[in-house]
Structure formats: C-alpha cells, structure tokens
Amino acid sequence: MKSFLRNMFAVFVSVLMMIGMGVTAFADDTTYTITINNTASGHTYEAYQVFSGTLDETGTVLSNIQWGTGVDSAALLTALQSDKTTTLDFSACTDAASVAKVLSDNNTNADAAKAFAQLVGQHLATNKKSSTEKAGPYTITGLAAGYYLVKDKDSTQKDVDDSYTSFILKVAGNVSADPKGTIPTVEKKVQENVKYTDNDGYGAGYNDVADYNIGDAVPFELIGTLPENYADYTTYNYVFHDTASAGLTIDKDSVKVYAGTTDITTSFTAVLDGQKLTVSCANLKAISSLTLTASSKIVVKYNATLNSSAVIGLDGNPNEVYLTYSNNPNQGGSGDTGKTPTDKVIVFTYELDTTKVDASDAKKKLAGAEFELYKTVGTTTTYETVADGKVTGWTADETKATQLTSDAEGLFKVAGLDDGTYYLKETTAPTGYNKLIKDVKLVIAATTTNGQNWTTGTASTALTALSISIDDGTATNGDTATGVVNATVADNKGATLPSTGGIGTTIFYVIGGAMVIAAGVLLVARKRSEN
C-alpha cells in the first residue's frame, strides 16, 4: 500500500512541479476516465475534483492550477493552514497553487500523501462523478482535466464482507488505479477427542466436526485474521460474535485470547448473553503488550459443556461465529464496520437402547434387570450417572454409578454418548434368571466428516453413518437421524432345584438304597479281612 501511495504521489507531484516551469498548456473540452481495477461487486466509487487546470498535449502535465469543484476550498485551506497530521507546513499557503507547491517540495513523502488525502476527504463538496457498475472493474467517466480524490460512497460497505478502498489521488487523463488490501476472515474449530488427532495449524484435533458425551467440556477456537492494509488504520475495532445451539453451555470464564503465543485476554471484553458470546476489543492498535501486523492472527479459546438439551443424532449441535471489523481506513478506523460470513462447526452425541431378553426365547422381554455402564480409558475406569435417560456425568466411584433398570419391554436407554468402547455390567438379574458372568462389550462407531472440509453447513453431510458391535461381533447399523444404536442382551434361566414329593422323594429313596448296599459291601469285606 505504501509503495502504491508513493507511486501515486510521485506522479501527482511531478505534475504539480510543472507549475513553475513555463510549460505550455493546451486547454480543451476533452473529458477523461478513471478506471478502478477492483473485481469485488457492490462498490460505488465517487471522484471529487481537488485541483482543476489544463493538461498539456501529452495529457500528463497539469498547469494553471485552481481549486477543483469537488472540495470546500475555503474550509480545506483553513484546515491545511492549521493541520499537523500531514507533517507538512501549509501555514503560508493562500491558494491552490501554493498548496500544490508545498506538496511538490515533498514529492517522496508517501505518508504525507496519505494524510493529505484524509484531510481532503473531510472537506468535500457535493459535486462529484460516480461509477455505476455493479461489479469491477469500475469506471468513472466524463471527468474534466484535474486532480481527483476517488473514494467509496459513504455507507455502501456497512455490514458487508468488504472494506472501503483507501483514498486514491489521480490526475485525469485516462488513468487507472489498483486498490490494495484484503479483508479479515474468521474460522471456527472444535476439538475432536477420539477420531481426529491431526494438527492442521489449529492445534491437535481441532477441525469442523466432533462428538462428545453429554456433560463433557468441549474446546472451541475462533481464529481471526487482519487486513493487508492494517497499518493504514489509526484505530481498529475487532469483535467475535459467537452463537451456540441450546445443547451447548458456554463457559465465559474459560475465554482466553491470544496473538501468536502472547496472551492478550485483558485487552478483550467477553460478554455472554444466553447462547450468544461476544469477545471484543474496541481498538487493537491500543494493545501495548505487542505490535500487531497484517500477518497476525487473533485466536479465542473457550469451552462449552454439552448439556441435557443436546440434540441426539441429526441435526446435531451447531456452533457458529462471524467477525465485525473496522473497514474504513479513510476515517482512521472509526465509523462503519465490515462483517464476515459465518463459519460453523458441529458436535454430535448418540443414544444406546438396550433390550434384555430370554436367551431361549428372544421375543420374551425381561423386566427388572439392572446394569451399570462404564468405560475404560488407559488405566482409568469411570461409570455413568444418568438422569431421565440422559448422561449427566462419569464417576470413578462405582458406588455412585446409576443402576439402569429394564422396563416391562426389557428396555433401558442412555442418551448422550460419544462414540467409543463401553461395557455393560449386570448387577441384578431378573427373577428366575442367572446374572451375566462376563460384562458385555459395546463399540459405538460414528462416521463423521473430520478435518477442515465440512463447508456445506448441513448436518447430514457431517454425520454419515452410525453402527454398534457387541462383544466384537459384526457391526449393525444405527439410525443417524435419531442417533440411536440398539443392543440386545440375553439372560439364561437359573437351574430348577428338586422339591419334596414326586421325583424328589424318588431321589432320596435311590440314594438311601445305595447307601444300604454300600454298607453291606463294607461289612462283607471286613469279615473276610478278619478271617
């Protein structure tokens, strides 16, 4: 941007320096065109004549300089005479030609050119020429010979994903300008804790899709960039606008803000209003702990807990962010702000429906079976706690585990599970049945679009399959729409012991007879031994 301004200023000054060189001017009624090579749509450019004059036969040298019709010349001259922001001394200037002389004497000062343009921009008249195109490149035609300030029309870049073009100073002849400068962007990422552990520059596991247990703290990141022309601003407002779905409870106290590895949290204000979190800095330029540049990134980190309102399966629990930012360098950064598109991530959770049946007759559903659900990660085993059929947390103390009891249909449900490996431990068998000796191994597997490529914002493209396997058997499909996987667990009937009468009496008779015979055999054997 500085090199662009320096080149433009040099052209301008070279023209102005011809004032005192006796160059012959050729007055005519020719009009000229300024072309702004911006391909972004939605701009309306305006050209204000700052100086008028006559062009020489080459169409490049302006002489007989007067104030143009696009400025309030009296107010501008007064402002120049007292102004210090340009670092140039206009105090002795009395007309347009003397102002041009001061500028020509400082023909290599690009900062002065920028400051001069900003001061001119504060003293414009209503007379202007405008572009009419809806998309670039843009042209402004019908311009009389002179020197022009070109700017975006006021309020045209408010709340859009674009910025005002820095003031451009141009001489007509037919000329063109190539505006420089990018606009900020924002991305949101969620950390996946099981399936995805890559680091794509966001930190290990951070991507667009994740799944968790209800009760888990889910880590999020917001990553914002700065514009290429950040140095042209004197103040810079920067605000993250984050919105969580009802299934996520944002922890405002967990908010941290970084620029690189530097913690700048104290320079930002975090405000939580229901499901909306704003993290804002009124002026990035005022942060004293570091100097930000166009290549700097601002990163917000925070946790949100997946709660009992979480959607099970589709449509998941989305979370999105957009950024508002200063976008008018011509006002130093104050005034209108731009707005990025939203970027979205999504968190899923699932439900386990378990049915207890008779091992010899699967159609017979067994009520009253009690189970504990647990998982083991490394050497740590934790047991679920459940309320109203939804996970509320996990405990290492088995005595605090929730007893899951099968109903009249043999069913018990646990909603709010991450994918992964779990175990069912039967603690009480239905009356007349044997308790399982071995715990049941369950593997819930979800196919999600992990990585940085979930761009549609549609939940069904983020969660594409769901299945469960029991005791390492063949996996069976679950339902992605409901997020439900089904497991069937069978109990065998207990052994039937004999009762008095009937066969029981017969058994005792047989046993008694056998004992008499055995006694007789022993007696005969002893007599033989004595003889």
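The values are calculated or read from the model by the stated rules, or taken from the named source; none is laboratory data. The structure displayed is predicted, hence computed values, not measured ones. Note that we place each Cβ from the backbone using ideal geometry, even for glycine, and neighbour counts take in every protein chain shown.
Quick look at the values:
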quantity: Unmet requirement for residue 391, which otherwise passes all of (1) part of a strand (DSSP E or B); (2) loosely packed, with under 11 Cβ neighbours inside 10 Å; (3) not basic (Lys, Arg); calculated: (2)
quantity: Lone unmet requirement of (1) under 27 Å from the mean Cα position of the chain (by Cα); (2) of a type outside the set (S, T, N, Q); (3) on the phi < 0 side of the Ramachandran plot; (4) not assigned by TED's automatic domain parsing to the domain that holds residue 317 for residue 206; calculated: (4)
quantity: Condition check for residue 342: of a type outside the set (Asp, Glu) and either more than 17 Å from the chain's Cα centre (by Cα) or buried (at least 19 other Cβ atoms within 10 Å of the Cβ) (or both); calculated: no
quantity: Residue that is among the hydroxyl-bearing types (Ser, Thr, Tyr), in the same structural domain as residue 246 (by TED's automatic domain parsing), farther than 29 Å from residue 46 by Cβ and assigned to a loop (DSSP other than H, G, I, E, B), where the choices are 309, 334, 280; calculated: 309
quantity: Qualifying residue in region 438-447 (condition: free of Cβ contacts under 8 Å to residues at least 60 places away in the same chain, closer than 16 Å to residue 192 by Cα, of a type outside the set (Gly, Ala, Ser) and surrounded by fewer than 18 Cβ atoms within 10 Å (Cβ to Cβ)); calculated: yes
quantity: Of residues in region 216-262 being more than 16 Å from residue 302 (Cβ to Cβ) and β-branched (Val, Ile, Thr), the one farthest from the chain's Cα centre (by Cα); calculated: 234
quantity: Unmet requirement for residue 13, which otherwise passes all of (1) assigned to a helix (DSSP H, G or I); (2) crowded, with 17+ Cβ neighbours inside 10 Å; (3) modelled with pLDDT of 85 or more; calculated: (3)
quantity: Candidates 418, 407, 358 - the one that is in the same structural domain as residue 456 (by TED's automatic domain parsing), modelled with pLDDT of 95 or more and within 31 Å of the chain's Cα centre (by Cα); calculated: 418
quantity: Some residue of region 253-266 being surrounded by 19 or more Cβ atoms within 10 Å (Cβ to Cβ) and part of a strand (DSSP E or B); calculated: yes
quantity: Residue in region 104-112 that is out of contact with any helix residue (DSSP H, G or I) (no Cβ under 9 Å at 6 or more places or on another chain), at negative phi and in contact (Cβ under 8 Å) with a residue 24 or more places away in the chain present; calculated: no
quantity: Answer from 479, 471 - the residue that is surrounded by 14 or more Cβ atoms within 10 Å (Cβ to Cβ), acidic (Asp, Glu) and over 16 Å from the mean Cα position of the chain (by Cα); calculated: 479
quantity: Filter result for residue 194 (within 26 Å of residue 390 (Cβ to Cβ), at pLDDT below 95 and assigned by TED's automatic domain parsing to the domain that holds residue 280); calculated: yes
quantity: Breaking point among (1) surrounded by fewer than 19 Cβ atoms within 10 Å (Cβ to Cβ); (2) modelled with pLDDT under 95; (3) under 14 Å from residue 146 (Cα atoms), for residue 89; calculated: (3)
quantity: Test result for residue 160, of a type in the set (Val, Ile, Thr), within 28 Å of residue 334 (Cα to Cα) and within 34 Å of the chain's Cα centre (by Cα); calculated: yes
quantity: Tabulated pairs, region 311-334, first at positive phi, second among the polar types (S, T, N, Q) and crowded, with 18+ Cβ neighbours inside 10 Å, C-beta under 6 angstrom, 6+ apart or interchain; calculated: 313/480; 333/326
quantity: Hey, residue 531 of a type outside the set (A, V, I, L, M) and at pLDDT 95 or above or not; calculated: no
quantity: Strands (runs of 3 or more DSSP E) contained entirely in region 177-239, each with at least 1 residues that are closer than 30 Å to residue 151 by Cβ; calculated: 186-191, 217-225
quantity: Residue list for region 435-461, restricted to those being touching a Pro at 6+ places or on another chain (Cβ under 9 Å) and closer than 16 Å to residue 212 by Cβ; calculated: 459
quantity: So residue 148, is it out of contact with any Phe, Trp or Tyr (no Cβ under 6 Å at 6 or more places or on another chain), assigned by TED's automatic domain parsing to the domain that holds residue 324 and touching a residue at least 12 places away in the same chain (Cβ under 8 Å); calculated: no
quantity: Any chance residue 290 is over 30 Å from residue 446 (Cβ atoms), of a type in the set (A, V, I, L, M) and at pLDDT below 95; calculated: yes
quantity: The one condition in (1) surrounded by fewer than 17 Cβ atoms within 10 Å (Cβ to Cβ); (2) assigned to a strand (DSSP E or B) that residue 295 fails to fulfil; calculated: (2)
quantity: Among residues of region 93-121, those that are assigned to a loop (DSSP other than H, G, I, E, B) and at pLDDT 95 or above, counted; calculated: 3
quantity: Odd one out for residue 320, checked against (1) acidic (Asp, Glu); (2) under 18 Å from residue 276 (Cβ atoms); (3) in the same structural domain as residue 405 (by TED's automatic domain parsing); calculated: (3)
quantity: Qualifying residues in region 159-218 (those that are farther than 30 Å from residue 45 by Cβ and among the hydroxyl-bearing types (Ser, Thr, Tyr)) - the one surrounded by the fewest Cβ atoms within 10 Å (Cβ to Cβ); calculated: 197
quantity: Sole residue being assigned by TED's automatic domain parsing to the domain that holds residue 173 and surrounded by 17 or more Cβ atoms within 10 Å (Cβ to Cβ), chosen from 153, 84, 114; calculated: 114
